[in-house]
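The values are calculated or read from the model by the stated rules, or taken from the named source; none is laboratory data. The structure presented is a predicted model; accordingly, all values stated were derived computationally and were not measured. Here the Cβ positions follow ideal geometry from the backbone for every residue, glycine too, while neighbour counts run over all protein chains shown.
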Amino acid sequence: MADIARDDDTVELAHPPRYAMGERVASRSVIRNDGTYPGKAIGDVLVERGDIGYVRSIGTFLQQFYIYAVEFPASGHQVGMRAKELCTLDHLPDEVLARLGARADSLRALR
């Protein structure tokens, strides 16, 4: 257990979860198997940056972080991810939607 990296001093559990169950999210980074995903070799890519998924459950890790179980329908994988690895697609701020312009409509169609 000595190799677990607590990458920040923030205790996310002091605040409500950032994402809700059923919320549509996109991966902000490539996620590889760290050995906890059965049937895949360590290092295999489970999620690509930009893959779209849905939050299926919310758990905790080390009494510090929320872990979101995200189902990615395109690959069939369900992966545990931190909030910093995700971006909401359902609750984008108005200023972000304004910057997206016509692309915001195509984003809505990705349901």
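So the values come out like this:
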{"quantity": "Looking only at region 85-95, and only at residues there that are within 20 Å of Thr60 (Cα to Cα) and modelled with pLDDT under 90, the one that is surrounded by the fewest Cβ atoms within 10 Å (Cβ to Cβ)", "calculated": "Cys87"}
{"quantity": "Tally of residues being among the small types (Gly, Ala, Ser) and outside any loop (DSSP other than H, G, I, E, B) across region 22-36", "calculated": "2"}
{"quantity": "Residues (at pLDDT below 90 and surrounded by fewer than 17 Cβ atoms within 10 Å (Cβ to Cβ)) located in region 61-75", "calculated": "Phe61, Leu62, Gln63, Gln64, Ala74, Ser75"}
{"quantity": "Single unsatisfied condition, Ala26 versus (1) aliphatic (A, V, I, L, M); (2) surrounded by fewer than 13 Cβ atoms within 10 Å (Cβ to Cβ); (3) within 12 Å of the chain's Cα centre (by Cα)", "calculated": "(2)"}
{"quantity": "Qualifying positions in region 37-82 - within 9 Å of the chain's Cα centre (by Cα) and either assigned to a loop (DSSP other than H, G, I, E, B) or closer than 23 Å to Thr10 by Cβ (or both)", "calculated": "Val55, Ile67, Tyr68, Ala69, Val70, Val79, Gly80, Met81, Arg82"}
{"quantity": "Every residue from region 40-60 that is among the small types (Gly, Ala, Ser) and at pLDDT below 90", "calculated": "Gly50"}
{"quantity": "Members of region 11-58 found to be among the aromatic types (Phe, Trp, Tyr) and closer than 17 Å to Pro73 by Cα, listed by number", "calculated": "Tyr37, Tyr54"}
{"quantity": "Enumeration of residues in region 29-48 that are loosely packed, with under 12 Cβ neighbours inside 10 Å and within 28 Å of Pro16 (Cβ to Cβ)", "calculated": "Asp34, Thr36"}
